[in-house]
Amino acid sequence: MISSSNNILSHFHSDRFLLWSLRFLALIAGSLLVLIVLFLLHESLPAFQHIGLRSFFADEGWYPSEELYLLTPMLWGTIWATLGSIMLAAPLGISSAVCIQYYAPPFLAKPYRRLVELLAGIPSVVFGLWGLVVLVPLIARWQPPGPSLLAGILVLSVMILPTITLVTLASLAHIPASSIHSATALGLGRWAIIQRVILPTAKAGIFTGIFLGVARALGETMAILMVCGNVVQAPSTLFDPIRTLTANIALEMAYALGNHRSTLFVSGLFLMVMVVVFVIMAEGLRHREAHADTR
Amino acid sequence: MPVWLTGFFFLVIIFSHTLAMATQGKLVITGSSTMAPLVAEIGKRFETLHPGTRVDVQTGGSSRGIADAVNGLADIGMASRALKPQEHTLHGAIIAYDGITLILHQDNPVHELSNEQIKAIYTGAITNWKTVGGLNAPITVINKAEGRSTLELFLQHFSLSNRQIQAHVVIGDNEQGIKTVEGNPHAIGYVSIGTAQYDATHGVPIRLLPLQHIPATLETVRNGTFPLSRPLTLVSKAPPTELAQTFIEFSQSPAVHDLILKQYFVPLP
């Protein structure tokens, strides 16, 4: 690693100037997050004071006009939609990355890769519209009413699939050629090399792709709002409509006043907490994996 | 330069400045998403007639429109309902009428539902179209999200509370409801007559249900016979500012009737 303090060139003023301006910019980036959290806390404070944390978990339901603010069904909605989509998109994304990198002939791999990149650039509202006019009617014909957890999972999967694929591809590309050559020299087959050498080496990168996918799924709003039905209930089957925390904010924020509005900021806070818990879990997992590798 | 000439120029500058002040100004209008497209069109015409003025229209629902008018965040609020008795301190001016209608898919053989049947469908007492003379298929009930005036008017008309409604889909705006009915032949929903009639005459396969034998058309809303209708109201502090007053009078004048009709609302008689 190159450290500027050990560098004999670091006595120049320009270097120090760069160091301080970088520190300043980093401070701005960091304080933005702190400011957002402070803002969320400030806006949701009235809800905590007038309604209380217990109500969000113990009220009869979500009926803001009757001052009932149960948030747990939407918490479950968010969790199930995210989990479902990651379980569908992660295997698909990883295997398509492996396919592009090691199996597909070049004339196919290149356009396929471009296609995935294009998929990553499609705005979420387009996915939502597609889900609303194509996917939901299809599900409705099979298992009415149609807008459901399943529709949400499918649309989310299509949205996070390119993220997982591209990040996995990038980490596969960084595997040292020497490891692959050594494995080939040992007489291992292609699948054995992928399974025993490449995937373990690229694990950190693959995890990063999955984390980014989960983060996008947690925060997705517009597409989910259009295909999930937005009924406030904990889903008991895949075909039940659900409402996520993000959809709740988007649906009602423009029309909310007083405690109702403040409770929507509490939903935002819950989302934030979920992301933080998830990042801590992910870091823990990565740490353990790294530890396992050194042993 | 003689002193009188300097004084004259000074006066001219002052005078032209006050003139400019009188015609220049900004109107902030917020509220009902039903009214916003119409008021934005009226605003554009108002701007061309009063050079120097700017009309800024933002949506956010009737509740926000009224709240913004009360605390001065907006010069005029848009509310797609009549003012409530406790809001009598505000100045309200009706500029047009809108009706809410129930919509079905065109392939649905049901042509009329009584108030009791609609109530039973929305509370989950009737869950199959067979019960009301339709196909043997489960009913998909579409409801509106909390805070929308369409929901409020619907609940009030059928004397329901939102808690009683057993919905399968909760929608945000009218167009999302129409798209949902379009994609599901067994769905029932309620939207603005203006939007529904526009889409129905432009090839979208939906049908507007009559209510208490009265067809859901612009005529029945205009003459006040359609039961589920509402006035579109511009709300301001009483008395309104001069510019706001000018805008409200302009919105009520026949000069904007073509704009109101184009949005499938019903102008004042």
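Using the Cβ atoms and a cut-off under 12 Å, what net charge is assigned to the surroundings of residue B:109, where Lys and Arg are +1 and Asp and Glu are -1? Intermediate results must be reported in sequence, preceding the final value.
Working: positive: B:130, B:207; negative: B:107, B:112.
Once positives and negatives cancel, what remains is 0.
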**Message:** So if I restrict to the alpha-carbon atoms in the protein assembly as shown, what is the Rg, and what is Dmax, the biggest pairwise distance, in Å?
**Reply:** 29.7, 106
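For region B:90-211, take N as its residue count and report Rg(C-alpha) divided by 2.2 N^0.38 Å. Walk me through the numbers on the way to the answer.
On the way: Rg = 14.1 Å, N = 122, 2.2 N^0.38 = 13.7 Å.
That works out to 1.04 for region B:90-211.
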**Gap separating the Cα centres of region A:202-246 and region B:198-269, nearest whole Å** = 40
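If you take the Cα atoms of region B:32-158, find Rg, then find the Kirkwood Rh from the mean of 1/r over all pairs, what is Rg/Rh?
1.11
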**Asked** What is the spin-label model distance, in nm, from residue A:34 to residue B:125 if the labels are put 7 Å beyond Cα along the C-beta direction?
**Response** 6.0
**Message:** Given bins 5 angstrom wide, list per bin the percent of all Cα-Cα distances in region B:183-239, short to long.
**Reply:** 4, 15, 24, 22, 14, 9, 6, 4, 2, 1
**Message:** Before we go on, tell me the buried accessible area for the B/A pair, both chains summed, 1.4 Å probe, in Å² to the nearest 100.
**Reply:** 2100
**Message:** Tell me the angle of helix A:106-121 to the major Cα principal axis of chain A, expressed in degrees between 0 and 90 and rounded to the nearest ten.
**Reply:** 30
**Request:** In whole Hz, with x marking every Gly and Pro, tabulate ³J(HN,Hα) for region A:83-93 from phi via Karplus 6.51 cos²θ - 1.76 cosθ + 1.60, θ = phi - 60°.
**Result:** 4, x, 5, 6, 5, 7, 7, 5, x, 4, x
**Request:** With label points built 7 Å along Cα→Cβ from the Cα atoms of residue B:242 and residue A:184, find their separation and express it in nm.
**Result:** 8.6
**Message:** How big is chain A along each principal axis, measuring the range of its Cα positions in Å and listing the largest first?
**Reply:** 70, 60, 36
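Pairs of Cα atoms under 8 Å, at least six residues apart: use those to get the relative contact order of chain A, whole percent. Each step should come with its number before you reach the end.
On the way: 332 pairs, mean separation 75.2, N = 295.
Here the relative contact order equals 25 percent.
Quick check: at a probe of 1.4 Å, how many percent of the accessible area of region A:73-260 sits on carbon and sulfur atoms? List each step's numbers first, then the result.
On the way: 5960 of 8240 Å².
That fraction is 72 percent.
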**Residue-normalised accessible area of chain B, given per residue in Å² at a 1.4 Å probe** = 45
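Using just the helices of chain A, give the 222 nm mean residue ellipticity in deg cm²/dmol: DSSP H runs with n ≥ 4 each add -39,500 (n - 2.57), and the total is spread over all residues, rounded to 500.
On the way: 13 runs with 207 residues, N = 295.
Value at 222 nm, helices only: -23000 deg cm²/dmol.
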**Request:** With springs only between Cα atoms under 10 Å apart, run a GNM on chain A and tell me which of A:285, A:45, A:218 wobbles the most.
**Result:** A:285
**Message:** If I take the Cα coordinates of region B:121-174 and project them onto the principal axes, what are the three extents in Å, biggest first?
**Reply:** 34, 22, 16
**Asked** Among B:85, B:215, B:231, whose mean-square fluctuation peaks in a Gaussian network model of chain B (Cα, cutoff 10 Å)?
**Response** B:85
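What per residue convex hull volume, in Å³, comes out for chain B when only alpha-carbon positions are used?
Numbers: hull volume 36.9 nm³, N = 269.
Cα convex hull per residue, to the nearest whole number: 137 Å³.
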**Request:** Would you mind checking which residues have amide H under 5 Å from residue B:33's amide H? H placed 1.01 Å from N; only 5 or more apart, or other chain.
**Result:** B:60, B:61, B:62
**Label-zone membership for region B:144-165, site residue B:116, 7 angstrom Cα→C-beta point, backbone N under 18 Å** = B:158-160
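Using the Cα atoms as the points, what is the convex hull volume per residue of region A:116-175 in Å³? All intermediate terms of the calculation are to be shown ahead of the outcome.
Values: hull volume 4.7 nm³, N = 60.
Taking only Cα atoms, region A:116-175 has a hull volume of 78 Å³ per residue.
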**Prompt:** Whole-Å semi-axes of region A:53-136's equivalent ellipsoid, largest first, each the root of 5 times a Cα gyration tensor eigenvalue?
**Reply:** 41, 16, 9
**Asked** Once the Cβ-Cβ distance between residue B:87 and residue A:26 is put in as r, and R0 is 45 Å, what FRET efficiency do you end up with, to the nearest 0.05?
**Response** 0.30
**Prompt:** Measuring from label point to label point, each 7 Å out along Cα→Cβ, what is the residue A:191 to residue A:115 span in nm?
**Reply:** 2.4
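When N is the residue count of region A:157-279, what does its C-alpha Rg come to as a fraction of 2.2 N^0.38 Å? The partial results should precede the final answer.
On the way: Rg = 21.0 Å, N = 123, 2.2 N^0.38 = 13.7 Å.
Cα-based Rg divided by the globular estimate yields 1.53.
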**Fill in**
Comparing B:189, B:43, B:124 in a Gaussian network model of chain B (Cα, 10 Å), the one with the largest mean-square fluctuation is B:124
**Other-chain or far-sequence residues with amide H under 5 Å of residue B:144's (modelled H)** = B:171
**Request:** Using only Cα atoms, find the angle between the long axis of helix B:36-49 and the longest principal axis of chain B, and express it within 0 to 90 degrees, rounded to the nearest 10.
**Result:** 20
**Request:** Just list whichever of B:84/B:179; B:84/B:237; B:237/B:262 have alpha carbons separated by over 22 Å in the model shown.
**Result:** B:84/B:179; B:237/B:262
**Asked** Tell me, how many Å apart are the Cα centres for region A:165-194 and for region B:73-125?
**Response** 64
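The values are calculated or read from the model by the stated rules, or taken from the named source; none is laboratory data. Being a predicted model, the structure only gives us computed values, none of them experimental. Note that we place each Cβ from the backbone using ideal geometry, even for glycine, and neighbour counts take in every protein chain shown. Ligands, DNA and RNA are stripped out before the accessible areas are found, and what is left, the full protein with its side chains, is counted by its heavy atoms. Shrake-Rupley method; radii C 1.70, N 1.55, O 1.52, S 1.80 Å.
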